[in-house]
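The structure appears below as structure tokens.
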């Protein structure tokens, strides 16, 4: 009852995988589940297994950890296999107690939140100006970057953007009724400079309906097919390197748009509607409001570094840098002589690490007293 008959029958495996993929509505989740199920099937078929059991699930988790995958990647792959166990149980292919054991296999822990990447205003402007607008491809790429930075769209939403989405509402241009993640529908206001960049691309490309962004071949000719999400990811890399911000991804442009909106005085609720988040906590993670990296608290730690000339200069109390209460400096002495010090019991209790008021050298109180008594001759006595 616990054997996966799909190991030797590809058709049966495809039927079971279809049941899993049809149970999820998100296209992104469906694509990731499809990849995870194929990886599990290949790993399961490499060597004989005791069946689709808890032990098999644990072995799969160890395999993922040995590959060096992150916690998020392991969690999504484990979720796909748990979904496989549930669908197999519902269709009478797996015993319920075995499916319950598979569900109890612990996944990777995700502790903390990774720091996102944001661009400064100058860096965002440099990225927008990076494409060569003398070519059709450059006009398209600039329009894509403008939509990413100005309207904070996901790359899947950029690929699915159509001319019918661009309409006027309340006297301004907007992206109306755009289907986003988890099927959420939202309307996104479009800045004027974003609309100008789109018009600069659609006019010479003769795009009047259908998808806004389309592939451009090597001959700089526009193709009448949809632009894939992967192309949007790849086209951003050379422009990010040219702008001096290598490694920037399309989602980093989305974070940058949210950050710049907040810096311009935008309300948190309006930014949440712009991004299409169901939870305000997700918007706060995009903004990085939990941790202030500009005004870091550890900037107030005033330690001195090691110097090659004077060695380590540690911080001493100010009382050790200036004469104590027992030592009074006669400031009426001439500039050529060391100031004459008067003390009630300087020999018995000499203060340490005083600064001579004339030469500003670090000396003990007895040294300054000796020099003053010898008429500034410079003789030094041991203290």
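The values are calculated or read from the model by the stated rules, or taken from the named source; none is laboratory data. A quick note: this is a predicted structure, and the numbers were derived from the prediction, not measured. We place every Cβ from the backbone using ideal geometry, glycine too, and count neighbours over all the protein chains shown.
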Within region 243-361, considering only helices (runs of 4 or more DSSP H) that don't extend past its boundaries, which have at least 2 residues that are within 20 Å of residue 118 (Cβ to Cβ) and at pLDDT 50 or above?
250-263, 268-275, 280-287
Going through region 83-97 in order, the residues found to be in contact (Cβ under 8 Å) with a residue 24 or more places away in the chain and either outside the structural domain of residue 46 (by TED's automatic domain parsing) or surrounded by fewer than 19 Cβ atoms within 10 Å (Cβ to Cβ) (or both) are 91, 95
Looking at the structure I just gave you, is residue 55 modelled with pLDDT of 85 or more, in the same structural domain as residue 80 (by TED's automatic domain parsing) and closer than 19 Å to residue 96 by Cα?
yes
Just one listed residue, out of 112, 183, 171, is at pLDDT below 95, over 17 Å from residue 248 (Cα atoms) and outside the structural domain of residue 259 (by TED's automatic domain parsing), and it is 112
Listed by first then second residue, the pairs whose first member lies in region 276-287 and is in the same structural domain as residue 182 (by TED's automatic domain parsing) and under 12 Å from residue 181 (Cβ atoms), whose partner is part of a helix (DSSP H, G or I) and modelled with pLDDT of 85 or more, with beta carbons under 6 Å and at least 6 positions apart or on separate chains, are 277/283
Given the criterion closer than 25 Å to residue 124 by Cα, surrounded by 15 or more Cβ atoms within 10 Å (Cβ to Cβ) and free of Cβ contacts under 8 Å to residues at least 60 places away in the same chain, identify the matching residue among 189, 215.
215
Collect the residues in region 204-222 that are more than 16 Å from residue 131 (Cβ to Cβ) and out of contact with any strand residue (DSSP E or B) (no Cβ under 7 Å at 6 or more places or on another chain), keeping them in residue-number order.
206, 207, 208, 209, 217, 218, 219, 221
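Let's see how each residue does on (1) assigned by TED's automatic domain parsing to the domain that holds residue 180; (2) more than 28 Å from the chain's Cα centre (by Cα); (3) exposed (fewer than 12 other Cβ atoms within 10 Å of the Cβ); (4) at pLDDT 80 or above:
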{"residue": "10", "(1), (2), (3), (4)": "no, yes, yes, no"}
{"residue": "17", "(1), (2), (3), (4)": "no, yes, no, yes"}
{"residue": "22", "(1), (2), (3), (4)": "no, yes, yes, yes"}
{"residue": "26", "(1), (2), (3), (4)": "no, no, no, no"}
{"residue": "32", "(1), (2), (3), (4)": "no, no, no, yes"}
{"residue": "37", "(1), (2), (3), (4)": "no, yes, no, yes"}
{"residue": "41", "(1), (2), (3), (4)": "no, yes, no, yes"}
{"residue": "45", "(1), (2), (3), (4)": "no, yes, no, no"}
{"residue": "48", "(1), (2), (3), (4)": "no, yes, yes, no"}
Considering only residues that are out of contact with any strand residue (DSSP E or B) (no Cβ under 6 Å at 6 or more places or on another chain) and more than 16 Å from residue 149 (Cα to Cα), look in region 226-240 and name the one that is surrounded by the most Cβ atoms within 10 Å (Cβ to Cβ).
227
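Tally the residues that are assigned to a helix (DSSP H, G or I), surrounded by 20 or more Cβ atoms within 10 Å (Cβ to Cβ) and touching a residue at least 60 places away in the same chain (Cβ under 8 Å), restricting the search to region 138-157.
11
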Which condition from (1) farther than 30 Å from residue 254 by Cα; (2) part of a helix (DSSP H, G or I); (3) at pLDDT 85 or above is the one that residue 105 breaks?
(2)
